[in-house]
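Have a look at the structure below, then the notes.
Every number in this text was worked out from the coordinates using simple rules, so none of it is lab data. What you see is a predicted model; the values in this text were computed from it and never measured. FYI the Cβ positions are ideal-geometry reconstructions off the backbone, even for glycines, and counts take in every protein chain you see.
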Amino acid sequence: MAQAVPMVLEATEAPLQGTAAAFGDLVRSHQAMVFSIALRTLGDRGLAEDVAQEVFFRLSGRLASIESPEHLVRWLCKVTSRLCIDELRRRPPTAAVCLDDLAGPGADPGDPLASQHLRRLVASLPGSARLAIVLRYQEGLEPAEIARVLSEPVNTIKSRLQRALASLREGFDRLTEGRRP
């Protein structure tokens, strides 16, 4: 059942055919984003790989409904986010997820201590706040887009981001106070 799928690759804007090779190209184009969201949200490489695999498995059955590259990215973010939320709900709460070993896109090599501290601070946020921060500052989504992805009111997302940023600022203030002579 090889149908033409009304999809386009972001880079080429060429129509995708319903072939395994075309789907493989699509996965390669977006796997870093999906894996990164899952990894930063869950803090566990194995779980992030499982989530990414599930996202692309679900995509394989939904290709015909994807309307554009923008729709594809929104759909991938939404499904990844929801699967991460499901995983966070299944796990017992932990004190903090250690993300120190995780180098990822956007990591600032300029100040390794600050980068390491930021990863720890983000990892210590509650799961919903961590996900909002990842979608806002790593993936560059606006609060209204995050609200659509997470199916929550935009004011809830704005409040969550504001509280998370306040918590991150407080953590950095403690770091800089500890550095002063």
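When only alpha carbons are used to place a centre, the stretch 43-67 and the stretch 141-181 end up 27 Å from one another. Listed peptides 32-42, 118-128, 141-151, 60-70 appear in the order 32-42, 118-128, 141-151, 60-70 once ranked by packing, highest mean of other Cβ atoms within 10 Å at the front.
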